[in-house]
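Below is one structure, written out as structure tokens; the observations come after it.
The values are calculated or read from the model by the stated rules, or taken from the named source; none is laboratory data. These numbers were taken from a predicted model, which means no experiment stands behind them. When we count neighbours, we look across all protein chains shown, and the Cβ atoms used for this are built from the backbone with ideal geometry, even at glycine. Surface accessibility is based on the protein's heavy atoms, side chains included, excluding ligands, DNA and RNA. Shrake-Rupley method; radii C 1.70, N 1.55, O 1.52, S 1.80 Å.
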Amino acid sequence: MALKVKAVEKLLKFSNDPNDKGEYRYVLSPDLYTSLTQEKVIREAAQRSGVMEGVMKACWDAAGQVIKAWATEGHSVAIPGLGTMRFGLRSKAVDKVEDVKAGLISTRRIIFTPSVALKDELKNTAIQITCIDRNGKEVKRVTSGDSGDIEDPENTQPSSGGQIYDGANPGEGD
């Protein structure tokens, strides 16, 4: 199995200058599959587990409600076989306690931290790139030979050694 990616040749402009004619560059983007419906996922899980589809749907719905309730209470919640999910936020920092207010919050976030097993699965999954020129013609296919590095949302330290504060407070078990 492999992740499929398209590299499409596109005209890019690097300034707002009307004289900028731009340059053609190959831009990578995921070749997205169709979204799987909840019903299809439940049906497949029921078949794999030997549990009746109605029972699986009830369990699925209950698990979703529990995850939502606990996450909105500030917990980091395990998602079986995948990792953990929690809510966080980005906010501005201020010098004085008098300046602390809800208006400092710029964004609410959903933070997913993949499990080691899921990271390993992704790292070991090949990536197939299909190159398409500006006329829509396929001109090349490439299969990855990269290191398989995985971006980690919990490791937000820049290479300069500073730390980015995103306002996310890990709960117990993080």
Filtered residues of region 41-82 (kept if among the charged types (D, E, K, R) and closer than 18 Å to residue 114 by Cα): 68
Contacts under 9 angstrom Cβ, first residue in region 13-32 being within 17 Å of residue 141 (Cα to Cα), partner surrounded by 10 or more Cβ atoms within 10 Å (Cβ to Cβ) and among the small types (Gly, Ala, Ser), 6 or more apart: 26/7; 27/7; 28/7; 29/7
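Is it the case that residue 40 is open to solvent by 70 Å² or more (accessible area, probe 1.4 Å) and within 28 Å of residue 131 (Cβ to Cβ)? Let's see the steps before the verdict.
Working: open to solvent by 70 Å² or more (accessible area, probe 1.4 Å): yes; within 28 Å of residue 131 (Cβ to Cβ): no.
Criteria not met by residue 40.
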Only one of 73, 9 that is free of Cβ contacts under 8 Å to residues at least 12 places away in the same chain and either within 26 Å of residue 86 (Cβ to Cβ) or surrounded by 13 or more Cβ atoms within 10 Å (Cβ to Cβ) (or both): 73
Hits in region 120-150 (condition: over 17 Å from residue 31 (Cα atoms) and small (Gly, Ala, Ser)): 145, 147, 148
Selection from region 111-139 of residues that are open to solvent by 70 Å² or more (accessible area, probe 1.4 Å), touching a residue at least 24 places away in the same chain (Cβ under 8 Å) and in contact with a strand residue (DSSP E or B) (Cβ under 6 Å, 6 or more places away or on another chain): 112, 128, 134
